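Chemist: The structure follows.
Just so you know, all these numbers are worked out from the coordinates, no wet-lab data involved. Just so it is clear, the model here is predicted, and its values are computed rather than measured. Methodologically, a virtual Cβ is constructed for each residue, glycine included, from the backbone with ideal geometry; neighbour enumeration extends over all protein chains shown.
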Amino acid sequence: MTTTTDLDLAELGQQLRVDSVRATAAAGSGHATSSMSAADLMAVLLGRYLRYDFDWPDHPGNDHLIFSKGHASPLLYSVYKAAGAVSDEELLTFRKLGSRLEGHPTPKLPWVDVATGSLGQGLPVGVGVALAGRRLEPMPYRVWVLCGDSELAEGSIWEAFEHAGYERLSNLTAIVDVNRLGQRGPTRHEWDLNAYARRAEAFGWHAIEVDGHDPAAIDAAYAEALSVSDRPSVVLARTIKGRGVASVENREGMHGKPLPEPAEAIEELGGERRIRVDVARPAAATAPRSRHGVHAELPVFSLGEKVATRDAYGRALAAVGTDRGDIVALDGEVSDSTRSEFFAKEHPDRFFECYIAEQELMATAVGMQVRGWLPFVSTFAAFLTRAHDFVRMAAVSHAQLNVVGSHSGVAIGEDGPSQMGLEDLALFRSVHGSTVLYPCDANQTTRLVAEMAAEASGVRYLRTSRGGGPVIYGPDEEFPIGGSKVLRSSDEDRLTLVAAGVTVHEALAAADELAAEGIPVRVIDLYSLKPVDVATLRAAAEVTGCLLSVEDHHPEGGLGDAVLDAFIDGHPVPRLVRLAVTTMPGSATGDEQLKEAGIDATAITAAAHRALAV
């Protein structure tokens, strides 16, 4: 093992290059040249500055190393090999079936905090990790994020720069590998380090320009970054893509490819090496928080009382936050509308205003859950479309977080279609391992908030409504995830109405009207759209033969598709009728919107008549 005092950093950099070449050659694919450009940057970090116990990945004092340029995974895995965490044999399984060393890093490796590879995400997530270390926990760890110059064209990167600068996160250092070449040719600013520096400084960062292949200069740059105590630092390193191999150095067309003559390249780089780095251990730190179930005294609402589910969400979140000190709330400058302001007033130290930057909002939450916090993220359901890629990658990261979208559907009224979440159910149902919930009343909402806090698995989404709706459930009702409630039922039911959220009340009104006509129908409140209550839907289908779903959402991917999912395994499929928002809404009152969209009680009654007439 080589100690940091006698370590030849240039030689370590060459080893990282060679191992990146070897890994990509064994795989027959991968980003060799992008790894080679940043090898010296990582050699100095590993040998001099990183504080990490690879035998204890969950050590609360460990630094965090995030590869925002996740395509340079061969370099990351070569770093792990140099640290003794990965064997040479495993290194050569890169990109092979069953290997932990995937094409882009994922938390299958215990030293990887979050999945990266969708460019522009690593730095925003790093901001969340660093913010936790500044405002939530007095921990000594630092966050190091390796970025590529191409991804600095992403808007999310500059949301991260803005947020970190505003919060003065001196425990965060971004390292930008400015190698000039992107996938198809030169980047926008090529090697103009000062162009990047001016932008970073405008956002309140300390910028350091450096030769990215001079270990002594890199060492000095990192030391300078550590000395800055009032703002984050960015090291802008001029590098050469494919550094060290003449046939690929600074050459276009080599992005994402193994080197054409790997044996010759390895010889040119000085051959294989077996340097092992004794990585410095982290400072002592307090143990992470331990989670427990929810025992909060939830708010209670009276039957018949008219309450918006967004109000119930805010009050329930504040109550659960009192019981659970690991819960944090984040909002995108609409907390007075989403009602997360209730949490903010009671727990200001655990509330985070991310402003109108939905990508950074979601990324901050992902970063905080890396540190063991349980985030509740809220904004308008419509605006979550901007954060979809971050939600998708959160699932790849096995992140545990709760997302709440308010102002859903046409029922919001006069604000019009730009503010209406009509795609959110489809968005979150499509996310791997997600949970999707849509309550119709206040007591149901509070119970589901508690379920979300207790059920720590994957991405969980709760859809809330702007307008007030009548409370139809008592405070002692239980609403398990994956369940539903049958609100009207008889052995003579001729049809089943399936609804969720605002359309539950419309379905109940339609059922009462049909009953007055002598037509009994079943009504199911399908508050859990994923997982869906298969047994209840199949039982209703067996009795009534027809399921009529009604939803304040586009027909694609929402409630109707959730109903269909109960019958896709070969089980007999009943007649399925779907009411959803198929036209482009304008401005009108909430009741007028429901009528115009054809999803109010009158439309449901008419659709039931048509279905029964066939």
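Chemist: Would you calculate the separation in nanometres between label points at Ala246 and Asp476, each defined as 7 Å from the Cα along the Cα-to-beta-carbon direction?
Modeler: 8.5 nm
Chemist: Specify which residue in the list Thr435, Ala500, Leu152 is farthest towards the positive end of the charge dipole of the chain, using unit charges on the beta carbon of Lys, Arg (+1) and Asp, Glu (-1), about the Cα centre.
Modeler: Comparing the listed Cα positions along the dipole, Leu152 ranks first.
Chemist: Out of all DSSP beta bridges with both ends in the chain, state the antiparallel percent to the nearest 5.
Modeler: Around 15 percent antiparallel, to the nearest 5.
Chemist: Going by how many other beta carbons lie within 10 Å of each one, how would you line up Glu162, Glu506, fewest first?
Modeler: Values: Glu162 18, Glu506 26.
Starting with the residue having the fewest Cβ neighbours, the order is Glu162, Glu506.
Chemist: Suppose we keep just the DSSP beta bridges with both residues in region 9-268; what percent of those would be antiparallel, to 5? If you can, show how the numbers build up before the last one.
Modeler: On the way: 1 of 23 bridges.
The antiparallel proportion sits near 5 percent.
Chemist: Magnitude of the Cβ-charge dipole of the chain, K/R +1 and D/E -1, about the Cα centre, nearest 20 debye? Before the final figure, lay out the partial values.
Modeler: Numbers: 56 positive and 84 negative charges, 165 e Å.
My answer is approximately 800 debye.
Chemist: A further question follows. Return the whole-Å distance between the Cα centroid of region 566-594 and the Cα centroid of region 289-361.
Modeler: Here the answer is 30 Å between Cα centres.
Chemist: Going by how many other Cβ atoms sit within 10 Å of their own, how do His59, His553 line up, fewest first?
Modeler: Fewest-to-most ranking of His59, His553: His59, His553.
Chemist: Further, regarding this structure: Measure out, as a whole number of angstrom, how far apart the alpha-carbon centroids of region 23-51 and region 124-186 sit.
Modeler: 19 Å
Chemist: With r defined as the distance between the Cβ atoms of Trp56 and Asp415 and R0 fixed at 60 Å, what FRET efficiency is calculated, to the nearest 0.05?
Modeler: Numbers: r = 51 Å, r/R0 = 0.85.
Taking R0 as 60 Å, the efficiency between Trp56 and Asp415 is 0.75.
Chemist: Ile568 to Ala216: FRET efficiency via 1/(1 + (r/R0)^6), r the Cβ-Cβ distance, R0 56 Å, to the nearest 0.05? Could you put the intermediate results ahead of the total?
Modeler: Details: r = 62 Å, r/R0 = 1.12.
In this case the efficiency is close to 0.35.
Chemist: Count the DSSP beta bridges whose two residues both fall in region 485-613, then state the antiparallel fraction as a percent rounded to the nearest 5. Don't skip to the end; give the middle numbers.
Modeler: Details: 3 of 16 bridges.
Once the DSSP bridges in region 485-613 are tallied, antiparallel ones form about 20 percent.
Chemist: Compare the peptides 174-186, 33-45, 567-579, 413-425 by average per-residue count of other Cβ atoms within 10 angstrom and give them in order, highest first.
Modeler: Details: 174-186: 21.3, 33-45: 28.7, 567-579: 14.3, 413-425: 19.2.
Highest mean packing first, the order is 33-45, 174-186, 413-425, 567-579.
Chemist: Tell me, what is the percent relative contact order of region 241-396, built from C-alpha pairs under 8 Å that lie six or more residues apart?
Modeler: Numbers: 169 pairs, mean separation 27.1, N = 156.
Averaging sequence separation for qualifying contacts and normalising by length gives 17 percent for region 241-396.
Chemist: Taking the Cβ-Cβ separation of Asp8 and Asp88 as r and a Förster radius of 22 Å, what is the calculated FRET efficiency to the nearest 0.05? Write out the running numbers ahead of the final one.
Modeler: Working: r = 20 Å, r/R0 = 0.89.
The formula returns an efficiency of 0.65 here.
Chemist: Hey, another quick one. What is the packing order of peptides 343-355, 62-74, 590-602, taking the mean over residues of other C-beta atoms within 10 Å and listing the highest first?
Modeler: Working: 343-355: 17.6, 62-74: 26.8, 590-602: 19.8.
In descending order of packing, they fall as 62-74, 590-602, 343-355.
Chemist: Another question, if that's okay. Sorted by average packing, counted as other Cβ atoms within 10 angstrom per residue and highest first, what order do 465-472, 274-281 take?
Modeler: Averaged packing, sorted descending, gives the order 465-472, 274-281.
Chemist: Place a +1 charge on the Cβ of each Lys and Arg in region 485-613 and a -1 charge on the Cβ of each Asp and Glu, then give the dipole magnitude about the Cα centre in debye, rounded to the nearest 20. Mind dumping the intermediate values first?
Modeler: On the way: 10 positive and 20 negative charges, 55 e Å.
About 260 debye.
Chemist: Sketch the reach of a paramagnetic label on Tyr355 as a point 7 Å from Cα along Cα-to-Cβ, and name the residues of region 159-177 whose backbone nitrogen lies under 14 Å away.
Modeler: Counting only backbone N, you get 159-169.
Chemist: For Phe376, Phe203, what ranking results if the residue with the fewest other Cβ atoms within 10 Å of its Cβ goes first? Walk me through the numbers before you get to the answer.
Modeler: Values: Phe376 27, Phe203 19.
In order of increasing Cβ crowding within 10 Å: Phe203, Phe376.
Chemist: Sticking with this one: Debye sum, Cα scatterers, the chain, no solvent: what log₁₀ I/I(0) at q = 0.11 1/Å?
Modeler: Result of the Debye calculation: -0.98.
Chemist: Can you give me the distance in nm between label points at Ser490 and Ser457, each placed 7 Å from the Cα along the Cα-to-Cβ direction?
Modeler: Each label point lies 7 Å from its Cα, and together they span 3.9 nm.
Chemist: Taking Lys530 as the anchor, which lysines have their alpha carbon closer than 26 Å to its alpha carbon, excluding any fewer than eight residues away along the same chain?
Modeler: Lys108, Lys485
Chemist: If you place +1 on the Cβ of every Lys and Arg, -1 on the Cβ of every Asp and Glu, and leave all else neutral, what size is the dipole of region 368-455 about its Cα centre, to the nearest 20 Debye?
Modeler: Working: 5 positive and 8 negative charges, 67 e Å.
Computed about the Cα centre, the dipole is about 320 debye.
Chemist: Now, a different point. With an 8 Å Cα cut-off and a minimum separation of 6 or more residues, compute the relative contact order for region 485-613 in percent. Each step should come with its number before you reach the end.
Modeler: Numbers: 226 pairs, mean separation 35.7, N = 129.
RCO, region 485-613: 28 percent.
Chemist: In percent, how large is the relative contact order of the chain, given Cα pairs closer than 8 Å and 6 or more residues apart?
Modeler: Numbers: 1477 pairs, mean separation 76.8, N = 614.
After rounding, I find 13 percent.
Chemist: Which lysines have a Cα less than 19 Å from the Cα of Lys241, not counting those fewer than 8 places away in the same chain?
Modeler: Within reach: Lys69, Lys257.
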